[in-house]
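One structure is given below, encoded as structure tokens.
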Amino acid sequence: AEMAELDPYVRDKTDALDAAGNTPAAIGKGFAIGSAALVSLALFGAFVTRIRHASNDAIFLNGVNMLEPLTFAFLIIGGMIPFSFAAMTMKSVGLAAMEMVFEVQRQFDEKPHLLDENPSERPDYDACIAISTKASLREMIPPGAMVIFTPLLTGIFFGVNAVSGLLVGSLVASVQLAISMSNSGGAWDNAKKYIEKASPDSELKGKGSEIHKAAVVGDTVGDPFKDTSGPALNIVMKLMAVLSLVFADTFYAFNGGGGIFNLS
């Protein structure tokens, strides 16, 4: 509304709709997180059953024992994966945003008439679209590779007990982190809008104040929280469990489920 130079009341209405939409969005994401958690739990159960049948009840007969040193060690490692994934994706958002800023600045420098009230030149929209598209594909390679290869390498080198700990750790941490990110991101966004609505004479000082600047920083972090890293953790949960189930027989083929190192 601001870029289209519409009347201020249009921005007031769209801000109200945006703020109202953040709450049901957070609730809806809660259902999605719960669904992903249950799917991951079911896939984990299928992985345990598959290994038990492949080993003729020699492994996981009484379930997964989290007190096993190898299992517990990879339980902790699995809990680190969602945090690493979230950090990588948030950093990617920042890098892509800075690339866009540099491109916009370049166009303003090369075409100063773009800043005129009635510009005679047209911005290069295709360059901006190309930056966001290429960045979204390029920046997902490292976190995607981490999620894909971690359970595979764990199963091949350390065995099925390590994979079971890895899956449980990543599931528990992903659920907690996803819920936190989805809710806190929306809260930061609404906090900024709430401060912008305040008058300069109020306690919050309104738009342009130091409090508002701090809220803008919070919203800058909150947007990738609720729109990037939080929802992507649902895929982390399910993808690791699916890969482990698909490659369960492969894991068991290495030293009867003990992995290449055969530590268990």
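The values are calculated or read from the model by the stated rules, or taken from the named source; none is laboratory data. Just so it is clear, the structure is predicted and the values come from calculations on it, not from any experiment. Because the Cβ atoms are built from the backbone with ideal geometry, glycine has one as well, and the counts that use them run over all protein chains shown. In case anyone asks, the SASA skips ligands and DNA or RNA and just uses the protein heavy atoms, side chains included. Shrake-Rupley method; radii C 1.70, N 1.55, O 1.52, S 1.80 Å.
For this structure, a couple of remarks:
- One residue from PHE83, PHE72 being open to solvent by 60 Å² or more (accessible area, probe 1.4 Å), within 28 Å of ASP227 (Cβ to Cβ), part of a helix (DSSP H, G or I) and among the aromatic types (Phe, Trp, Tyr): PHE83
- Any pair with Cβ under 9 angstrom, 6 or more apart, that starts in segment 28-39 at a residue that is within 15 Å of ALA232 (Cβ to Cβ) and ends at one that is outside any helix (DSSP H, G or I) and not aliphatic (A, V, I, L, M): none
- Within segment 190-222, restricting attention to residues that are touching a Lys or Arg at 6+ places or on another chain (Cβ under 7 Å) and of a type in the set (D, E, K, R), the residue that is nearest to GLY34 (Cα to Cα) is ASP219.
- Any hit, segment 5-21, residues being within 30 Å of GLY218 (Cβ to Cβ), open to solvent by 50 Å² or more (accessible area, probe 1.4 Å) and small (Gly, Ala, Ser): yes
- Within segment 166-220, tally of residues that are open to solvent by 50 Å² or more (accessible area, probe 1.4 Å), farther than 30 Å from GLU68 by Cβ, hydroxyl-bearing (Ser, Thr, Tyr) and not in a loop (DSSP other than H, G, I, E, B): 2
- In segment 123-164, residue farthest from MET3 (Cα to Cα) [restricted to those that are touching a Lys or Arg at 6+ places or on another chain (Cβ under 9 Å) and open to solvent by 30 Å² or more (accessible area, probe 1.4 Å)]: GLU139
- For the condition more than 27 Å from the chain's Cα centre (by Cα) and part of a helix (DSSP H, G or I), PHE157 qualifies.
- Among residues of segment 22-34, those that are touching a helix residue (DSSP H, G or I) at 6+ places or on another chain (Cβ under 8 Å) and open to solvent by 60 Å² or more (accessible area, probe 1.4 Å), counted: 1
- Residues (part of a loop (DSSP other than H, G, I, E, B) and either on the phi < 0 side of the Ramachandran plot or surrounded by 22 or more Cβ atoms within 10 Å (Cβ to Cβ) (or both)) located in segment 232-264: PHE247, PHE254, GLY258, GLY259, ILE260, PHE261, LEU263, SER264
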